[in-house]
Amino acid sequence: MNSRQEERSTRQAPPDRNPRGRAAASPVSGPRGPGWASGLLFLLGTLGCIVGVAATYYFFVRTTTGQFIDESALVEAVGMYGTAGKAATELLDGLPALSLLIGTLVVAVVTVVKRRWAAAGIAVAAAAGANIATQLLKNLVPDRPFRGIETLELNSLPSGHTTLAASAAAAVFLMVSPRWRPLAGFLGGSFAVATGVSTLINQWHRPADVVAAFLMVGAFTLPAGWLIMRSGQRWNVWEGYNRHWASARLWVALPVLAGLASAAVAAYSLLKIAPGPWQEGSTTNYFWAGTSLIVITGYLATVAGVWLFGHAARRRR
């Protein structure tokens with residue numbers, strides 16, 4: 001080929017652009033969906049949630065120590081009722097409508113705009129399954145046995161209000177693209193945690209009821225998430241943290257910090273009521289320990305979910 005032919009060939013070579021003239025997207029690496037290792041993590045997480053619900057029920061409902069701790073937190077919540085109680089009541093009164101409105105609106109918009117019909121069906125089925133399972137468990141499980149603790153005999157585990165709030169947040173988390181999941185996880189987790197704490201302040205539920213609700217939602221969300229990751233490989237692509245404002249590490253750091261602060265509060269509160277020279281009569285220590293347990297569980301689930309879904313998604317180089 002002479003120099004003139006080479007020049008013509010070079011001039012006619014198409015640029016690396018798509019038909020609309022924009023620069024081509026970065027290539028996507030990784031399998032077309034979560035591999036066997038990620039699938040195993042989803043399975044272990046689901047089993048862990050199921051075992052967690054059973055363990056929470058056994059310790060806080062079937063044992064004397066668990067009943068005493070749980071009931072003490074509920075009794076001490078009376079002393080916290082006031083301005084916080086009024087705000088909690090307003091939140092709980094509007095919770096069913098608010099949860100359905102947020103969940104339905106986001107799922108509907110994403111489904112229509114992004115055409116994620118399969119994901120929408122899976123997410124809605126998971127949310128419905130968690131709420132149905134909560135009501136079945138609450139009504140079919142035997143009432144609380146008497147273990148020497150003055151308490152209501154009716155079983156209130158898991159919390160229906162918390163399940164509703166957490167399942168709505170989980171449906172939104174499942175539907176949004178990976179770069180939005182850190183923000184969706186933080187906001188949804190905060191909404192669920194606030195709901196759980198509100199049920200305790202209003203003496204509607206004990207801390208264990210809220211923890212069991214979080215675990216129940218996790219048991220349905222994780223297998224649903226795995227199915228969505230497998231069926232929606234094209235849009236489940238993770239670009240990494242800080243590539244978009246909604247995927248900033250801040251949204252993971254905030255729940256971690258909240259969980260650590262709550263762990264410190266729980267340790268201090270339990271230390272105050274533990275046998276020893278520093279023991280003092282509890283007035284609100286059990287309440288703060290129970291509240292911390294709710295916050296730790298809710299935000300731990302948030303951080304774990306963001307990490308797991310980011311780990312399972314394909315990468316964009």
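The values are calculated or read from the model by the stated rules, or taken from the named source; none is laboratory data. All of these numbers come straight from a predicted model, not from anything done at the bench. Ideal geometry is used to build each Cβ from the backbone, glycine not excepted, and the neighbour counts take in all protein chains shown. Please note that ligands, DNA and RNA were not included when accessible areas were found on the heavy atoms of the full protein model with its side chains. Shrake-Rupley method; radii C 1.70, N 1.55, O 1.52, S 1.80 Å.
Below are the figures for this structure:
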{"read-out": "Net length gained if the chain between residue 132 and residue 101 were fully extended (0.36 nm per residue, minus Cα distance)", "value": "9.3 nm"}
{"read-out": "By average C-beta atoms within 10 angstrom, highest first, the peptides 298-307, 263-272, 65-74", "value": "298-307, 65-74, 263-272"}
{"read-out": "Packing-based ranking, highest mean first, of 232-241, 138-147, 164-173, 123-132 given that Cβ atoms within 10 Å are counted", "value": "164-173, 123-132, 232-241, 138-147"}
{"read-out": "Within the accessible area of the stretch 123-227 (1.4 Å probe), percent carbon and sulfur", "value": "71 percent"}
{"read-out": "Protection-proxy order for peptides 251-258, 95-102, each taking the mean of Cβ atoms within 10 Å per residue, highest first", "value": "251-258, 95-102"}
{"read-out": "Gyration tensor (Cα) of the stretch 206-308, equivalent ellipsoid semi-axes in angstrom", "value": "36, 17, 8"}
{"read-out": "Theoretical gain in end-to-end length, residue 146 to residue 243 [0.36 nm per residue, Cα-Cα removed]", "value": "29.4 nm"}
{"read-out": "√(5λ) per eigenvalue of the Cα gyration tensor, the stretch 134-292, largest first, Å", "value": "34, 22, 11"}
{"read-out": "Accessible surface, the stretch 118-256, averaged per residue in Å² (probe 1.4 Å)", "value": "39 Å²"}
